[in-house]
Amino acid sequence: MNLLEYVAKEILAKEGVAIPRYGVAETPQEAFDIAIKLNTTPLVVKAQISAGGRAKGKFVNGFEGGVKICNSPEEVKQVAEKMIGGLLVTAQTGSTGQPVRKVIVSQSIDVAKELYLSLTYSYAEAAILAMGSLAGGVDIERIALENPQALVKKYFYPEQPLWDFQLREFAAQLGFEGKTLVDFSKILKSLFYAFINHDATLCEINPLALDKENRFWALDAKITIDDNSLFRRNELLGYRFETVYDPQELEALRYGVNYVGLEGQIGCMVNGAGLAMATMDILERFGGKPANFLDVGGGADQSQLQNAFRVLLTNPNLKVILINIFGGIMRCDLIAEAIVEVAKNHPPKVPLIIRLEGTRVEEGKKILKGSALQYVFAEDLEEAAKQAVYFLKR
């Protein structure tokens with residue numbers, strides 16, 4: 001889960017990292033009120049989306065830039081009017097862009113130098129990887145490719161204590177000395193606490209600014225949380241809905257269903273992540289493209305199964321639906337009952353291919369045959385995939 005900038009900044013501020021004063025607005029009037037309260041100029045207005053490259057992005061409405069410097073509260077309001085509710089397209093969003101529902105209004109810092117600092121996991125080393133560079137800012141990706149020596153890297157091993165001298169060594173490698181070295185070390189330590197305490201897979205400050213008085217400021221922040229840890233991160237659960245933009249994914253999230261939207265036109269409903277991936281692979285093999293990844297898992301109840309099928313049916317791009325169930329823990333009759341029940345009120349408008357195998361499969365077949373549902377039954381996965389592609393291209 002990628003947290004929006006304002007949430008990442010809240011986390012860093014709690015760990016003691018200096019953050020410019022800011023407020024979060026959902027309307028232009030709220031942005032104006034925040035600007036009045038901050039009582040300083042210039043101010044920075046930043047669109048909140050879960051993608052980088054905002055400063056160089058462009059809104060579908062023609063407005064350019066997701067980060068703007070403003071010199072008055074009135075200008076802040078005007079910029080917010082153009083950003084909030086708009087679609088911002090950046091190098092990382094794809095051509096469809098992402099909707100902007102909130103903006104940050106922040107004080108501006110007189111920057112002398114921009115740096116880069118991040119923590120992530122190195123699975124190859126089974127360690128936490130710290131990366132820093134004196135060349136931070138919007139071009140860090142290009143710098144990392146063209147001049148990898150500009151990035152300083154250091155591994156920290158979770159089973160070993162985190163010593164202050166290690167942090168100072170890292171700061172010295174970047175070229176810091178004296179008080180600036182000590183201050184940078186403290187920021188890195190705070191970043192470690194944020195990383196560990198929130199089950200993060202990435203904590204990034206870019207840019208980490210050094211002002212003309214040699215004080216550090218986190219001007220931007222990105223934190224990615226391991227989704228599997230959210231059961232013990234109740235304070236972060238509410239933010240999940242802020243960074244999901246696909247309507248089917250958003251609906252599935254509310255029901256606790258594993259759904260990821262894709263670009264194809266064959267809707268898939270499968271039990272088990274491995275089987276779901278195999279289903280998508282075989283569709284590609286025969287010339288089809290899946291419209292989604294939808295895993296109902298092995299322990300879904302009747303309500304979850306019905307909701308999963310209902311979410312699948314709401315995709316307007318579907319031309320075929322393929323249901324592939326290999327019942328182990330999941331019972332085939334429960335799947336059949338869920339499909340039939342949902343179809344009573346939401347009958348599929350496209351061909352429906354069903355393959356069932358495993359626990360209580362004969363009972364499942366009887367339920368399907370006894371219903372008014374129109375479908376094609378396939379005996380195995382290969383036949384199901386061929387049928388789906390046939391109807392897609394017919």
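Just so you know, all these numbers are worked out from the coordinates, no wet-lab data involved. The model shown is predicted, which means the values in this text are computed figures rather than measured ones. Positions of Cβ are backbone-derived with ideal geometry, glycine not excepted, and every protein chain shown enters the neighbour counts.
Would you work out the relative contact order for the range 265-313, in percent, from Cα pairs under 8 angstrom that are 6 or more residues apart?
Values: 57 pairs, mean separation 22.0, N = 49.
It comes to 45 percent, rounded to a whole number.
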Label zone at Asn317, where the point sits 7 Å out along the Cα-to-Cβ direction: the range 244-277 residues whose backbone N lies under 16 Å: 245-251, 259-269
Helix 164-173 axis, angle to the chain major axis (alpha carbon atoms, nearest 10°): 80
Label-point gap, in nm, between Glu74 and Glu357 - each point 7 angstrom along Cα→Cβ: 7.2
Hits among lysines - C-alpha to C-alpha of Lys56 under 21 Å, sequence gap 8 or more where chains match: Lys46, Lys68, Lys77, Lys82, Lys102, Lys113, Lys222
Sequence-distant residues sharing a close amide H with Asn206 (under 5 Å, placed H): Asp220, Ala221, Lys222
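Would the range 276-383 count as rounded, prolate or oblate if I go by the C-alpha gyration tensor, calling it rounded below 1.5 in a/c and otherwise prolate when a/b exceeds b/c, oblate otherwise? Each step should come with its number before you reach the end.
Details: a/c = 1.38, a/b = 1.16, b/c = 1.18.
It is rounded, given that a/c, with a ≥ b ≥ c, falls under 1.5.
What does the highest-first list of 19-25, 152-158 look like by mean Cβ count within 10 Å? It would help to have the intermediate numbers written out before the result.
Working: 19-25: 18.1, 152-158: 14.6.
With the highest mean Cβ count within 10 Å placed first, the list reads 19-25, 152-158.
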Burial order of peptide ranges 320-326, 259-265 (average beta-carbon count within 10 Å, highest first): 320-326, 259-265
Ranked packing of 63-69, 161-167, most packed first, by mean Cβ within 10 Å: 63-69, 161-167
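Per the helix-only calculation at 222 nm, which mean residue ellipticity applies to the chain, given -39500 (n - 2.57) for every DSSP H run of n ≥ 4 and division by its residues, nearest 500 deg cm²/dmol? Spell out each step's value before the answer.
Working: 13 runs with 143 residues, N = 394.
Only helices count here, giving -11000 deg cm²/dmol.
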Within straight-line cross-link reach of Lys386, lysines at Cα separation under 21 Å, skipping those fewer than 8 residues along the same chain: Lys289, Lys319, Lys349, Lys365
Overall form of the chain per C-alpha gyration tensor (a/c, 1.5; a/b vs b/c): prolate
Value of relative contact order over the range 101-193, rounded to a whole percent, pairs C-alpha under 8 Å and six or more apart: 21
Gap separating the Cα centres of the range 237-313 and the range 323-357, nearest whole Å: 14
Local electrostatic count at Gly261 - Lys and Arg +1, Asp and Glu -1, tallied over other residues with Cβ under 9 Å: -3
0 to 90° range, to nearest 10: angle between helix 178-197 axis and the chain longest Cα axis: 20
Label point distance in nm, Thr201-Thr243, each placed 7 Å from Cα along Cα→Cβ: 1.0
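Among rounded, prolate and oblate, which fits the range 276-316 when a ≥ b ≥ c are the square roots of the eigenvalues of its C-alpha gyration tensor, a/c under 1.5 means rounded, and a/b larger than b/c means prolate?
On the way: a/c = 4.46, a/b = 1.66, b/c = 2.69.
Oblate, because a/c is 1.5 or more while a/b does not exceed b/c.
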Angle between the chain longest axis and helix 332-345 axis [Cα atoms, degrees, rounded to 10]: 90
For the chain: relative contact order, % (alpha-carbon pairs under 8 angstrom, 6 or more apart): 13
